Amino acid sequence: MTTVGFAGMTHLGLVSATGIAAKGFKTVCYDGDAALVGRLRAGNLPVLEPGLDALVAANGDRQHFTADLADLSGCDVVYIAPDIPTDNQGRSDTAVIHRLIDAVAPVLAPTAIMVVLSQVEPGFTRGLSQPAPERRYYQVETLVFGRAVERTMEPERYIIGCADPATPLPPHFDAVLKAFDCPILPMRYESAELAKISINFCLVASVSVANTLAEVCEEIGADWSEIVPALKLDRRIGAYSYLAPGLGIAGGNLERDLATIQRIGAQHGTDTGVVAAWKANSLHRRDWAARTIRKGLLDAKPDATLAIWGLAYKENTHSVKNSPSLATIGQLAGAKLRLHDPVVPASVVSRPGSEGVASALEALDGADALLILTPWPEYRDIAPADIVARLGGRLVLDPYAVLNADKARAAGLDHRTLGRAPVRN
């Protein structure tokens, strides 16, 4: 039976190891942080992902957590899978992965292979000095915050970077990949590393199309939600296109990839003007909520009280990296804030006049307007009539269309959402 090791028990490594263990493989989950390993053994997981706690519990003894590096020596395949931090300019700090590779490579069994799973820039895997190229691979990760378990258990495909794509994959590695019953695409290292960025570029293009044209809808009386089905039925675009407008590009991965290609373009003289345009469009759309609440309320009443639903950068995650909610809050100087998020503590907002509350409805008490800045599923279950009953004013900014627009307006709310013109009285 193939034994699979993972080095790095942050978001990527933990979820990926759990998925492979769920397929019946023995997994050795290493992290040098003994306190973290203790938490993992106790079932106290450091990340929030729907279904993850239950899957770890179901894996039982197949998933072994350890702080002893030597435990990786019995593995046939070892993934290097720490989360890679990025700075505000989208630059990756690869020191953490280099340190881990330097520690892991010497303890690998003579026939074991190493797979870099963390996202790295093109050229990284070929540039490593150990182990030998025929024992060194790169795999494009499929992590999506809030849907990580689903994506791990049901991948669309595996993209594998190799020293020689014409050489068959080692049997143990091949067995792990084939257990997920999806296409396997071997290619040279650099192609695989750039493939991940290419996927994110297509996603950014879709986001930019949706945000640009949804804003046009708001001005001319069209409804973007009526247009999207027509686009999804076009085979050149497709049913699964990301066409939901939002508050720009959030999280860290997409912005990192845009910055990476801009740096490569500057170094080699390639044209990256479209990337600059995408980034500018993202910043413009991110500020929609701040512009709208100023025009609709704060210009006349600067010290108004605002209820804020959502602080995470997206639903089903605790991450606030590049959160549109926090960016919006940063532009609301003078306003009083009543904050709610199901998992993110209100302490991430360190400014006077802000208060965390225990429930979404409690946040409405004494508030002049509501801003729904993260589309958490539980917010969708709140009836517009319940909002009307507790909110002092009637203005609701709902960029992600969490509430049903027609029901919200029928209940008497001044409901504003992306891609649909406001009702003008």
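The values are calculated or read from the model by the stated rules, or taken from the named source; none is laboratory data. What you are looking at is a predicted structure, and each value in this text was computed from that prediction instead of being measured. Neighbour counts are summed over all protein chains in view; Cβ atoms, including those assigned to glycine, are modelled from backbone coordinates with ideal geometry.
Among the residues in the range 382-401, are any hydroxyl-bearing (Ser, Thr, Tyr), in contact (Cβ under 8 Å) with a residue 60 or more places away in the chain and in a loop (DSSP other than H, G, I, E, B)?
So far as the range 382-401 goes, yes, one or more of its residues are hydroxyl-bearing (Ser, Thr, Tyr), in contact (Cβ under 8 Å) with a residue 60 or more places away in the chain and in a loop (DSSP other than H, G, I, E, B).
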task = Could you please find all residues in the range 406-425 being assigned to a helix (DSSP H, G or I) and either of a type in the set (Val, Ile, Thr) or surrounded by fewer than 19 Cβ atoms within 10 Å (Cβ to Cβ) (or both)?
result = Asp406, Lys407, Arg409, Ala410
task = Tell me which of these Ala383 doesn't satisfy, since it passes every other one: (1) closer than 18 Å to Cys217 by Cα; (2) assigned by TED's automatic domain parsing to the domain that holds Lys336; (3) surrounded by fewer than 20 Cβ atoms within 10 Å (Cβ to Cβ); (4) of a type in the set (A, V, I, L, M, F, W, C).
result = (1)
task = Report, ordered by the first and then the second residue, all pairs with beta carbons closer than 6 Å, sequence separation of six or more or different chains, a first member in the range 122-148 that is free of Cβ contacts under 8 Å to residues at least 24 places away in the same chain, and a second member that is in a helix (DSSP H, G or I) and not aliphatic (A, V, I, L, M).
result = Thr142/Arg151; Val144/Arg151
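Going by what's in this entry, would Ala250 be described as outside any helix (DSSP H, G or I), modelled with pLDDT under 90 and surrounded by 21 or more Cβ atoms within 10 Å (Cβ to Cβ)?
Yes: the conditions hold for Ala250.
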remark   = Residues in the range 27-50 that are within 19 Å of Glu154 (Cα to Cα) and at pLDDT 95 or above total 1
note = Note on Met187: of the conditions (1) in contact with a Gly (Cβ under 7 Å, 6 or more places away or on another chain); (2) farther than 29 Å from His98 by Cα; (3) outside any helix (DSSP H, G or I); (4) not aromatic (Phe, Trp, Tyr), unmet is (2)
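Answer with yes or no whether Val176 is of a type in the set (A, V, I, L, M), in a helix (DSSP H, G or I), crowded, with 17+ Cβ neighbours inside 10 Å and in contact (Cβ under 8 Å) with a residue 40 or more places away in the chain.
Values: of a type in the set (A, V, I, L, M): yes; in a helix (DSSP H, G or I): yes; crowded, with 17+ Cβ neighbours inside 10 Å: yes; in contact (Cβ under 8 Å) with a residue 40 or more places away in the chain: yes.
Against the criterion (of a type in the set (A, V, I, L, M), in a helix (DSSP H, G or I), crowded, with 17+ Cβ neighbours inside 10 Å and in contact (Cβ under 8 Å) with a residue 40 or more places away in the chain), Val176 qualifies.
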query = Within the range 327-367, restricting attention to residues that are at pLDDT 95 or above and basic (Lys, Arg), which residue is nearest to Ile293 (Cα to Cα)?
reply = Lys336
request  = Could you please give the count of residues in the range 135-153 that are of a type in the set (D, E, K, R), modelled with pLDDT under 95 and more than 26 Å from Gln262 (Cα to Cα)?
outcome  = 3
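Among the residues of the range 327-350, which ones are assigned to a loop (DSSP other than H, G, I, E, B) and among the hydroxyl-bearing types (Ser, Thr, Tyr)? Break it down stepwise before answering.
Step one: of the range 327-350, the residues assigned to a loop (DSSP other than H, G, I, E, B) are 330-335, 341-345, 349-350.
Ser350, the sole residue that qualifies.
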task = Might you check whether a residue that is part of a helix (DSSP H, G or I) and either of a type in the set (D, E, K, R) or at pLDDT 95 or above (or both) occurs anywhere in the range 206-214?
result = no
